[in-house]
Structures are given as structure tokens and as C-alpha cells.
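Here the structure is laid out as C-alpha cells; the discussion comes afterwards.
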Amino acid sequence: MNLQRGYLADFVSLLFPELCAACRAGLMANEELICIDCRYNLPFTNFHLQTDNIVARQFWGKIKLESAYALYYFNKGGKIQNLMHQFKYRGVRQIGNLLGNIAGGQLNKNDIFNSVDVIIPVPLHKNRMRQRGYNQSACFAEGLASKLNAAVEIDNLVRGTATETQTHKSRFARFENMQDVFIVKDPERLINKHVLLVDDIVTTGSTLEACGIQLLKIEGLKLSVATIAYAE
């Protein structure tokens, strides 16, 4: 019976092969979600090795960060765009956990990120959450947490109002669009904690900045940020 099931699975895979979420090539039997070639050759930033990396510089003079990080570079039409499309719009939420594990494997070798107590994903508005069914940043946070030995909080930082899409907005317009959007429901839970704020893609950093402004009002809180990708 098991042999028959194996043959059936092989036959189905020939007709409907599973594809790499990044390059869209067929996956081999021992590959999951992302092919081995992509796992090693996607455009890693190595920002965990650079304290003054491009992401960190975006927040200089705006909010005080312990450290900042992005796992990959994002380029239009590239493999990371394919990957993020499958993750955000095709319901393949497992991609977030996998990328969180990969990022966590880099960050757990960094003393600053190893001191993180709590990981908080940038929240979605309830309407967007209802449409998508999950928060992609929370999936990434869960993968990170398994490597950093940190707790994930998804119910403390909340988005109070829905905002217009940030696509095609200038940096100033993006920042204005995010003003007073986020609320910390229970600040006392975060007193004297090192919080890692995570999102999927950072471009201008306005969303992370707006969240950070609210979080840094909390006594003794230290803040770092991490994202899946940095879009130049």
C-alpha cells in the first residue's frame, strides 16, 4: 500500500510539480518551498555584520535603534519579488517561517540581536487581516523567535486606523500617512525590554519609524528592527 502511494505521489508530482517560490523551477524530492540553489544564492545583504548598514542609516536622527537588519536585497522583477508575491498574495505563509529561520540563523551569532526579549511584528489593520487571513510579518517573527529564544507578541502593538497604500508615495507622504496609526495597548509588559520590531520589506522605513516612535515612549525600552528584504 505504501509503495502504491509512493508511485501515486510521484505521478502527481510529474503532472503538477511543486515550484520554487523564488525561481519557479521544479523542486526536487528533498527540497521544500525554495530550491537549494536559491537558498544559497539569493541576494543576501549580510547586514548582521555591518552596524552602520543602509537600513540602520535610514533611522539616524529619527528614532534610536540598537541595530537594524534586512535578510535580502529586493529588486523589481527579481527572485525576492517572486518570493514575496507567493508569501503575501498566494497564501504560502510557510515562507515566512522559513525565512525567519534563515534570518534567525544569522542573527543569533550577533550579540545585540541575541539580547532580544520580545519580537513584535508590524500589525495589520483588522480589515486587511480579514482579507489576507494572516499577518506576513507575524509569520516571519515566529521563525525568528525559534532561533533567538525570544517571545512573540502580536496583540500589544496594534494598528488603530486603516491607511492608504504606501506604494508610489514619497518618503514624507509615507510618514504623514502613518502618523498616530499605531497604539501600544499594554506598555508595562515592555518596560526595560529589548524589542525586535519586524516587517516584511523596508523601503523608506516610515512604517517602522511610526511604530518605533510609540514603542520608544516606554520606560527603558531598547529597540532593534529586522525585515525580510530591503528595497533600494
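The values are calculated or read from the model by the stated rules, or taken from the named source; none is laboratory data. This one's a predicted model, so the numbers in the text were calculated from it and none came from an experiment. Backbone-built Cβ (ideal geometry, glycine too); neighbour counts: all protein chains shown. What goes into the accessible areas is simple: the full protein's heavy atoms, side chains included, and nothing from ligands, DNA or RNA. Shrake-Rupley method; radii C 1.70, N 1.55, O 1.52, S 1.80 Å.
Here are the numbers for this structure:
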quantity: Matching residues in segment 130-169 - criterion: being among the acidic types (Asp, Glu), within 17 Å of Gly212 (Cα to Cα) and at pLDDT 95 or above; calculated: Glu153
quantity: Residue that is acidic (Asp, Glu), out of contact with any helix residue (DSSP H, G or I) (no Cβ under 8 Å at 6 or more places or on another chain), open to solvent by 10 Å² or more (accessible area, probe 1.4 Å) and at pLDDT 95 or above, where the choices are Asp199, Asp186; calculated: Asp186
quantity: Close pairs from segment 14-43: first over 24 Å from Leu71 (Cα atoms), partner part of a helix (DSSP H, G or I) and open to solvent by less than 40 Å² (accessible area, probe 1.4 Å), Cβ under 6 Å, at least 6 apart; calculated: none
quantity: Where Ile80 falls short, out of the listed (1) touching a strand residue (DSSP E or B) at 6+ places or on another chain (Cβ under 9 Å); (2) at pLDDT 95 or above; (3) assigned to a loop (DSSP other than H, G, I, E, B); calculated: (3)
quantity: Filter pass, Ala145 being aliphatic (A, V, I, L, M), within 11 Å of the chain's Cα centre (by Cα) and part of a helix (DSSP H, G or I); calculated: no
quantity: Which listed residue is over 26 Å from Arg189 (Cβ atoms), surrounded by 19 or more Cβ atoms within 10 Å (Cβ to Cβ) and at pLDDT 95 or above, from Leu107, Leu99; calculated: Leu99
quantity: Segment 115-136, subset touching a Leu at 6+ places or on another chain (Cβ under 8 Å) and more than 14 Å from Val195 (Cβ to Cβ), residue surrounded by the most Cβ atoms within 10 Å (Cβ to Cβ); calculated: Asn135
quantity: Gln94 open to solvent by 10 Å² or more (accessible area, probe 1.4 Å) and at pLDDT 95 or above; calculated: yes
quantity: Filter result for Ile95 (under 15 Å from the mean Cα position of the chain (by Cα) and in a helix (DSSP H, G or I)); calculated: yes
quantity: Count of segment 61-102 residues which are touching a Lys or Arg at 6+ places or on another chain (Cβ under 8 Å) and of a type in the set (A, V, I, L, M); calculated: 1
quantity: Given (1) loosely packed, with under 14 Cβ neighbours inside 10 Å; (2) modelled with pLDDT under 95, index of the condition Asn192 fails; calculated: (2)
quantity: Every residue from segment 35-77 that is over 24 Å from Gly212 (Cβ atoms), assigned to a helix (DSSP H, G or I) and open to solvent by 50 Å² or more (accessible area, probe 1.4 Å); calculated: Ile36, Asp37, Arg39, Tyr40, Asn41
